[in-house]
Amino acid sequence: MAAQIGAPAAAARAHEALFAYWAARRRGARLPGRRDLDPAEIKRLLPTLSLIDVLRPTLDFRVRLAGTGLYDVYGREITGRPLSEVYNSAAADYWRGELTEVVRHARPAVGVHSLAWRGASHLSLLWMRLPLAANGTDVDMILGYDAVIGLGQVASGVRAA
């Protein structure tokens with residue numbers, strides 16, 4: 001795996017920057033939509049950003065767009081693929097559960113997920129998922145940011161909202 005491994009502090013700063021950007025696009029209590037995002041304003045984060053479609057009525061998910069930096073993480077292009085084609089069944093179930101929580105509660109989520117499913121148990125993703133809603137309330141897309149970190153740099157299984 002050729003993905004660049006970052007330091008947890010740098011990953012946390014990137015998470016903070018993206019969260020602040022997302023929060024600034026809220027309209028009061030209303031969630032921002034995809035149309036509220038300007039990629040030029042978050043250019044340095046684009047390589048490991050993703051947009052995930054919420055598929056209804058089944059409440060499943062498809063990667064609408066994946067930054068070029070995620071190619072190394074996943075070992076292939078994941079744009080346009082449902083979770084079941086991106087991950088093995090255990091990892092797909094993990095992500096389906098996390099993304100479902102983002103949709104149901106319309107709140108951001110962060111966590112750490114091991115890349116053991118990719119044969120890289122010494123690496124983890126420090127991830128953040130932010131809800132987007134075209135109408136301001138019903139989550140129809142999720143903005144994701146992933147940073148690859150080495151094992152031992154942060155406790156595995158951390159999850160916060």
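Every number in this text was worked out from the coordinates using simple rules, so none of it is lab data. Quick caveat: nothing in here was measured; it's all calculated off a predicted structure. Ideal geometry is used to build each Cβ from the backbone, glycine not excepted, and the neighbour counts take in all protein chains shown.
Can you find, within segment 114-132, the residue that is nearest to residue 75 (Cα to Cα) among those that are crowded, with 19+ Cβ neighbours inside 10 Å and over 11 Å from the mean Cα position of the chain (by Cα)? Steps first, please.
Taking segment 114-132 as the starting set, the residues that turn out to be crowded, with 19+ Cβ neighbours inside 10 Å are 115, 123-132.
Keeping just the survivors that are over 11 Å from the mean Cα position of the chain (by Cα) gives 115, 123-124, 132.
On the way: 115: 12, 123: 14, 124: 15, 132: 27 Å.
In this case the residue turns out to be 115.
Just give me the residues in segment 103-131 being in contact (Cβ under 8 Å) with a residue 12 or more places away in the chain, assigned to a helix (DSSP H, G or I) and among the hydrophobic types (A, V, I, L, M, F, W, C), in sequence order.
103, 117
Can you find even one residue in segment 140-151 that is farther than 23 Å from residue 53 by Cα and among the small types (Gly, Ala, Ser)? Steps first, please.
Step one: filter segment 140-151 for residues farther than 23 Å from residue 53 by Cα, giving 149-151.
Applying the additional criterion that residues be among the small types (Gly, Ala, Ser) yields 150.
Yes, the conditions are met somewhere in segment 140-151.
Got a sec? Which of 100, 79 is within 30 Å of residue 26 (Cβ to Cβ) and without any contact (Cβ under 8 Å) to a residue 40 or more places away in the chain?
79
Residue 112 fails exactly one of the following numbered conditions: (1) touching a Gly at 6+ places or on another chain (Cβ under 8 Å); (2) over 23 Å from residue 17 (Cβ atoms); (3) of a type in the set (A, V, I, L, M). What is the number of that condition?
Of everything listed in (1) touching a Gly at 6+ places or on another chain (Cβ under 8 Å); (2) over 23 Å from residue 17 (Cβ atoms); (3) of a type in the set (A, V, I, L, M), residue 112 misses just condition (2).
Counting just the residues of segment 56-82 that are basic (Lys, Arg) and more than 15 Å from the chain's Cα centre (by Cα), which one comes out farthest from residue 97 (Cα to Cα)?
The initial filter retains those residues of segment 56-82 that are basic (Lys, Arg), namely 56, 62, 64, 76, 81.
If we keep only those that are more than 15 Å from the chain's Cα centre (by Cα) as well, we get 56, 76.
Values: 56: 15, 76: 23 Å.
Among those that are basic (Lys, Arg) and more than 15 Å from the chain's Cα centre (by Cα), it is 76.
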